[in-house]
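**Student:** Dumping the structure here so I can ask a few things about it.
The values are calculated or read from the model by the stated rules, or taken from the named source; none is laboratory data. All figures in this text were calculated on a predicted structure; none of them were measured in a lab. Here the Cβ positions follow ideal geometry from the backbone for every residue, glycine too, while neighbour counts run over all protein chains shown. The area values use the complete protein model at the heavy-atom level, side chains included, leaving out ligands, DNA and RNA. Shrake-Rupley method; radii C 1.70, N 1.55, O 1.52, S 1.80 Å.
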Amino acid sequence: MMGNKFDIATLVRSSVRDLKPYSSARDEYVSNGADMIFLDANENPYENGVNRYPDPQQRNLKAVLAGQKGLASQNILLGNGSDEVLDLLFRGFCEPGLDNIITLPPTYGMYQVLSGINAIENREVLLTRNFEPDLSGIFQAIDGRTKLLFICSPNNPTGNRFSDEKIESLLLGFNGLVIIDEAYVDFSEHESWLTKLKQFPNLVVTQTLSKAFGMAGIRLGICYASEEIIGILNKIKPPYNVNALTQQKALSRVSDRASVSSEVTRILEERATLLNALGAVDFVKKIYPTDANFVLVKVDNAEKRYQQLLDLNFVVRNRSSQPLCENTLRFTVGTSEENRKLIATLNTMV
Ligand SMILES: *Cc1c(COP(=O)(O)O)cnc(C)c1O
């Protein structure tokens, strides 16, 4: 394997390299603790809790996250959901119409959508039959214009986490950015790739408050990477991309680690119950191993079972249109009452 010749200067999109970012009123002001009168941003001065622009750098929230992860705030970029963070990676590093990215289907649909929006070719290299990255296929697909490689681990919709050795080979062998989407990492027993950030200059880890943290409604996505990579994304992010209400809610939630971890524990207990029950359902043909808060199952006839469940008031996800996922349904783990109802219903379906 070739040594890694990662060079951020050759990776960044040329218009971004030369860009001078918008400087907002609040970017220029640095607090010295004094009580200031703010007449700089044309806000309405009457207090209602949200009459002021939010902190464009979300300093309080980043300080808490940095402390928990053993990183610096300069290693963190926050966005309006992971979707914004992923879009910023395209816009920071890919030249429309020229560059390409690599994704590993079956996987999260947004990588494909974002490649389309940004006019970047998406080179799809299917996972192997046991849902692991196909290393030789990936290295064949890479060329001088490949900028990003998206690895979703634990993977949506398959649920499994990829082997460390395979991911490490990709980090070492590919000179572009390797983005590990860890939306489901809090449901896995294995540790995050965050601990390897210093070891691999081309590693980008994304996480979210939408799943384990129970805050899909506030839209907060997190990107962890080297200071250089974060610096480029910071240049192009909209100045006030994380609103004040989201910053407040997120700060109190991430500070309350005990609540989050007790909910995760309950979800994992419910997952075990659900997996057991699914094993006894006649039309379930295969249950795939999961490191996430959902499980992919192969059934006899996915369209028929999906419709039956809808008629019985359960919404699940039919993933049959995805490669390697013929006749599969994806079930999210619900509360114990929801699961009890689901299991009872599955057992009545003929
Ligand atoms: C749910 C999910 C996300 C979360 O996206 P947000 O925009 O942060 O809600 C990210 N990646 C994957 C793979 C997901 O399944």
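**Student:** Take each of the peptides 29-37, 194-202, 181-189, average the number of other beta-carbon atoms within 10 Å over its residues, and list them starting from the highest.
**Tutor:** So the peptides 29-37, 194-202, 181-189, ranked by packing, come out 181-189, 194-202, 29-37.
**Student:** Using the alpha-carbon centroid of each, what span in Å lies between region 46-93 and region 128-202?
**Tutor:** Cα centroid of region 46-93 versus Cα centroid of region 128-202: 24 Å apart.
**Student:** Before I look further, what does region 1-155 give for accessible area per residue, probe 1.4 Å, in whole square angstrom?
**Tutor:** Normalised by residue count, the accessible surface of region 1-155 is 52 Å².
**Student:** Taking θ = phi - 60°, what integer Hz values does the Karplus form 6.51 cos²θ - 1.76 cosθ + 1.60 yield along region 60-71, in sequence order, with x for Gly and Pro?
**Tutor:** With the stated coefficients, region 60-71 comes to 5, 5, 5, 4, 5, 4, 4, x, 5, 9, x, 10 Hz.
**Student:** Using a 1.4 angstrom probe, figure out how much accessible area region 165-292 has per residue, in square angstrom, rounded to the nearest whole.
**Tutor:** Roughly 43 Å² per residue, with all protein chains present.
**Student:** Further question: What angle do you read, to the nearest 10 degrees and between 0 and 90, between the alpha-carbon axis of helix 81-93 and the longest principal axis of the chain?
**Tutor:** Tilt relative to the chain: about 60 degrees.
**Student:** Now a separate question. Explain nothing, just the number: dipole magnitude of the chain about its Cα centre with +1 on each Lys and Arg Cβ and -1 on each Asp and Glu Cβ, in debye rounded to the nearest 20.
**Tutor:** In debye, rounded to 20, the chain gives about 300.
**Student:** Report relative contact order for the chain in percent, whole number only (criteria: Cα-Cα under 8 Å, sequence separation at least 6).
**Tutor:** 18
**Student:** List the relative contact order of region 87-194 as a percent without decimals, with contacts defined as Cα pairs under 8 Å and 6+ residues apart.
**Tutor:** 26
**Student:** Another one. How large, in percent, is the carbon and sulfur part of the accessible surface of region 1-95 at a probe radius of 1.4 Å?
**Tutor:** C and S atoms contribute 51 percent here.
**Student:** I would also like to ask the following. Counting each DSSP H run of 4 or more residues in the chain as -39500 (n - 2.57), what helix-only mean residue ellipticity at 222 nm follows after dividing by all residues, to the nearest 500 deg cm²/dmol?
**Tutor:** -11000 deg cm²/dmol
**Student:** Multiply the residue separation of Val50 and Ala66 by 0.36 nm, subtract the distance between their alpha-carbon atoms, and state the gained length in nm to one decimal.
**Tutor:** Difference between extended and current length: 3.2 nm.
**Student:** Let me ask another. May I ask you to give the percent of accessible area on region 221-323 that is carbon plus sulfur, with a probe radius of 1.4 Å?
**Tutor:** In region 221-323, the share of accessible area belonging to carbon and sulfur is 49 percent.
**Student:** Tell me, what % of the accessible area of region 172-218 is carbon and sulfur with a 1.4 angstrom probe?
**Tutor:** About 54 percent, which is the carbon plus sulfur part of the accessible surface.
**Student:** While we're looking at this one, here's another question. Over the chain, what is the percentage of antiparallel beta bridges among all DSSP beta bridges, to the nearest 5?
**Tutor:** 55
**Student:** Still on this structure, please answer the following. Normalised by the number of residues in region 23-107, what is the relative contact order in percent for Cα pairs under 8 Å and 6+ residues apart?
**Tutor:** Reported relative contact order: 15 percent.
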